[in-house]
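> Got a structure here, written out as structure tokens. Questions coming.
What follows draws every value from the coordinates through simple rules; no lab data is involved. Being a predicted model, the structure only gives us computed values, none of them experimental. Here the Cβ positions follow ideal geometry from the backbone for every residue, glycine too, while neighbour counts run over all protein chains shown.
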């Protein structure tokens, strides 16, 4: 979405500044991750707007300047059991009162925030990170690996029994927003496929400045990073680098960590307790970032691009928005170690301009996100 930078720092909407609108922000839950970064930027745009959410960590409440509004789901025992109470979140979001607001922006992925109801005359824009994974595209994957640890058998039974009515509710809730924004062209396609709604793509905000560190004269080895869960497919990356005896750093932690350590060969290392500054150093020192997941966007891959590091990614999902073969990275077309091995063998045949990659990543910056959101909101309010 192309935009012009607003004059005097704010776009004009129907004769008044966007900052003059009475705005509310709604999000599924606030505990950490890429989706929360969208909320943080929306808060920067509308610092007086309350942020309604089902659950919020103390860290995020402080980061959002105490503007967070929660209800009974915040309190024990619901705070500890928040993964299991989707039906209560549905009820809570559906009963919030937005009387008197000009604009409500919901931010949602695997939750229920889009299910809010707004009064006539109030615009509702939904920023969608993905149609709910465990109802739609990734249902079979979640059935195999629910991610609830010891409660996995219970989660499987619940998912089988409830998926049909939950899909019906989710589809119905997706008809409530006036407008959809998708975080990638992949997500836009899925919003159309599963919800029957059109959407506009606005890429999520990436802290590109954090990775603007001095580039070394030479780069060595490969790096990957994220929460170590089955869906991220770190096993593919570790096995491929084992086979080719390529140096690899695996940054992060999670339930798959011990399995990955046991799988790793001598060339694979697992840096512990990596700070933000150290993360940038690991990225900028690598020949390429490896990404084997089927993600709706893939924030960490774009962070690697911001460090000037090419990305070798599985050709699916959001990666198709930022991996340009031969310029910002390479694709492999199957989620197997063998397919990644082929791409790794192909990689030395290409010459990548690290400065050009870093410049390319700026299209995903927080500044661009705010500009694109301002333009979209202007169009929405003017049209109404």
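> When a/c reaches 1.5 or more, the comparison of a/b and b/c decides; with that in mind, is segment 32-189 rounded, prolate or oblate per its Cα gyration tensor?
prolate
> Using packing as a proxy for protection, rank 353-365, 158-170 so that the peptide with the highest average count of other Cβ atoms within 10 Å comes first.
Answer by packing, highest mean first, reads 353-365, 158-170.
> Taking 0.36 nm per intervening residue step and subtracting the Cα-Cα distance, what contour gain separates residue 185 from residue 269 on full extension?
Fully extending the segment from residue 185 to residue 269 adds 26.8 nm.
> Can you figure out the FRET efficiency of residue 80 with residue 336, using R₀ = 30 Å and their beta-carbon distance, to the nearest 0.05?
Efficiency, from the Cβ-Cβ distance: 0.20.
> Could you list the square roots of 5 times each eigenvalue of the Cα gyration tensor of segment 208-364, that is, the equivalent ellipsoid semi-axes, sorted largest first and rounded to whole Å?
Ellipsoid half-lengths, sorted descending, are 21, 17, 15 Å.
> Let me ask something else about it. Extending each Cα 7 Å along its Cβ direction at residue 210 and residue 95, get the distance between those two points in nm, one decimal.
Going from the residue 210 label point to the residue 95 one covers 3.7 nm.
> Report the Stokes-Einstein translational diffusion coefficient (µm² s⁻¹, integer) for segment 105-247, Rh taken as the Kirkwood radius over Cα pairs, at 37 °C with viscosity 0.692 mPa s.
181
> Normalised by the residues of the chain, what does the relative contact order come to in percent, with Cα pairs under 8 Å and at least six apart?
Relative CO of the chain lands at 15 percent.
> What does the helix-only formula give at 222 nm for the chain: each DSSP H stretch with n ≥ 4 adding -39500 (n - 2.57), the total divided by the residues, and the result rounded to the nearest 500 deg cm²/dmol?
Here the helix-only value at 222 nm equals -10000 deg cm²/dmol.
> What FRET efficiency comes out for the pair residue 355/residue 383, r = Cβ-Cβ distance, R0 = 41 Å, nearest 0.05?
0.50
> Given the convex hull over the Cα atoms of the chain, what projected area results after averaging over all orientations, in nm²?
Quarter of the Cα hull surface area: 19.1 nm².
> Place the peptides 100-111, 341-352, 276-287 in order of packing, highest mean first, counting for every residue the other Cβ atoms within 10 Å and averaging per peptide.
Ranked by mean Cβ neighbours within 10 Å, highest first: 100-111, 276-287, 341-352.
> Which of 322, 135 comes first, and how do the rest follow, when ranked by fewest Cβ neighbours within 10 Å?
135, 322
> Separate question: Provide, for q = 0.19, 0.20 Å⁻¹, the log10 of I(q)/I(0) from a solvent-free Debye sum over equal Cα point scatterers in segment 271-310.
Reported log10 I(q)/I(0), two decimals: -0.55, -0.61.
> Right, next: Using Cα pairs closer than 8 Å and at least 6 residues apart in sequence, work out the relative contact order for segment 197-271, in percent.
It rounds to 31 percent for segment 197-271.
> Between residue 243 and residue 278, how high is the FRET efficiency from 1/(1 + (r/R0)^6) when r is the Cβ-Cβ distance and R₀ = 22 Å? Nearest 0.05.
With a Förster radius of 22 Å, E is 0.20.
> Describe numerically, in nm with one decimal, the distance between label points set 7 Å from Cα along Cα→Cβ at residue 257 and at residue 220.
Once both label points are built, they end up 2.6 nm from each other.
> Describe numerically, in nm with one decimal, the distance between label points set 7 Å from Cα along Cα→Cβ at residue 87 and at residue 145.
If labels sit at residue 87 and residue 145, their model points lie 2.9 nm apart.
> Beyond 16 Å, how much of the Cα-Cα pair distribution for segment 96-146 remains, as a whole percent?
50
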